[in-house]
1. Has segment 2-14 got any residue that is surrounded by fewer than 17 Cβ atoms within 10 Å (Cβ to Cβ), under 20 Å from the mean Cα position of the chain (by Cα), without any contact (Cβ under 8 Å) to a residue 24 or more places away in the chain and in a helix (DSSP H, G or I)?
2. Here are some residues: Ile175, Ile181. Which one is at negative phi and at pLDDT 95 or above?
3. So which of Phe47, Phe90, Phe52 ends up being surrounded by 14 or more Cβ atoms within 10 Å (Cβ to Cβ), in a helix (DSSP H, G or I), out of contact with any Lys or Arg (no Cβ under 9 Å at 6 or more places or on another chain) and in contact (Cβ under 8 Å) with a residue 60 or more places away in the chain?
4. With the requirement that a residue be surrounded by fewer than 19 Cβ atoms within 10 Å (Cβ to Cβ) and assigned to a helix (DSSP H, G or I), what does segment 93-111 give you?
5. Just checking, does segment 141-151 include any residue being out of contact with any His (no Cβ under 9 Å at 6 or more places or on another chain), more than 27 Å from Gly9 (Cα to Cα) and at pLDDT 95 or above?
6. Name the residue that is surrounded by the most Cβ atoms within 10 Å (Cβ to Cβ), counting only residues in segment 15-43 that are under 19 Å from Ser114 (Cβ atoms) and touching a Ser or Thr at 6+ places or on another chain (Cβ under 8 Å).
7. If you check every pair at least six apart or on different chains, which have Cβ atoms under 8 Å apart with a residue in segment 177-204 that is free of Cβ contacts under 8 Å to residues at least 24 places away in the same chain first and a residue that is in a helix (DSSP H, G or I) and hydroxyl-bearing (Ser, Thr, Tyr) second?
Amino acid sequence: MIDTQIWWGIIRAYGSDIFPLQIITVFMAAVITGLIIKRPGTLTDFFVKIYFTFCFAWIGIVFFLMHAQLFPGIQEKVQAGLFITLSVLFGLDIFRKKINFKWPVSRWHQMVSSFLLFAVFAYPLVGMAAGHFFPGMIIVGTHPCPTTAFALVLLAAALPGTNKLLYILLLIWAIPFPIFIQIPKFGVYEDTIMLICGLFALIILLKPCLKNKTGDL
C-alpha cells in the first residue's frame, strides 16, 4: 500500500491537470438531477446515461490508467476495468432502455434521496473540513467515489426499472472500499458519504425480499 502523502499527491496532481472539468461535471450533475425530478422520461434518461457513460469512462481511463499509474501493482488496472465496465453498461442502456430514471414516489424516499444528493454535492465541503483543499478536492463526475454515490442514489430511486448488474458493481465499490481502504488508510473521511449512499441503496434493493419474508412469517 502506498504512502498517504503520495496518494494525496496524485489526487492533487489529477485535480490540477483536469481543471476546470470539475465545474462542468458538477453543473451537469445538478442539471440531470433537476431533469429527473421535474421532467422524467425518455429524453432525460438519455442525458443521464450519456453523463454516466462519459464520467465513468473518464474515471477509468484518465484517473486510473493515466494518473493512478504511479500506484504499485495491478490494483488500479482492475479498478479501471470496473469503471470502464460501468461506462459500457450505461452506454449500452441508451439502446436497451432498461433503466428508467424517476424521482421516488414515497415521501420518505424523496426526503432521504434529497439529503443524500445534497451530501454528494457537498463532498468538497466535507473534504475541506478534513483539510483537503483544491486541487485535492474529491468531486462528483471526475472522481470515482462521489460519482458512484451519485449513481447509486439515482438508481435506487429508479428501482425496479434498473440494471441489476450495474447496480451490484456500484455497490461492490461503495460499501467495502471506504471501510477497508479509503477512510482508515488514506483519511478520505468524505467517503463516509459514499458508504451511507451504498448502504441506503443496498437496503432499497433488498426491501422487496425483506417484505416477502416478513409476509411469510
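1. no
2. Going through Ile175, Ile181 in turn, the sole match is Ile175.
3. Step by step, each of Phe47, Phe90, Phe52 is checked, and only Phe52 is surrounded by 14 or more Cβ atoms within 10 Å (Cβ to Cβ), in a helix (DSSP H, G or I), out of contact with any Lys or Arg (no Cβ under 9 Å at 6 or more places or on another chain) and in contact (Cβ under 8 Å) with a residue 60 or more places away in the chain.
4. Hits for segment 93-111 are Ile94, Phe95, Arg96, Arg107, Trp108, His109, Gln110, Met111.
5. Looking through segment 141-151, none of the residues is out of contact with any His (no Cβ under 9 Å at 6 or more places or on another chain), more than 27 Å from Gly9 (Cα to Cα) and at pLDDT 95 or above.
6. Ile36
7. Qualifying pairs under 8 Å: Ile183/Tyr189; Ile183/Thr192.
This table checks each residue for (1) within 14 Å of the chain's Cα centre (by Cα); (2) buried (at least 20 other Cβ atoms within 10 Å of the Cβ); (3) part of a helix (DSSP H, G or I); (4) not aliphatic (A, V, I, L, M).
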position	(1), (2), (3), (4)
Ile168	yes, no, yes, no
Ile179	no, no, yes, no
Pro184	no, no, yes, yes
Leu195	yes, no, yes, no
Phe200	yes, yes, yes, yes
Ile203	no, no, yes, no
Pro208	no, no, yes, yes
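The values are calculated or read from the model by the stated rules, or taken from the named source; none is laboratory data. This structure is a prediction, so every number in the text was calculated from the model and none was measured. Reconstructed Cβ throughout: ideal geometry from the backbone, glycine too, with neighbour counts over all protein chains shown.
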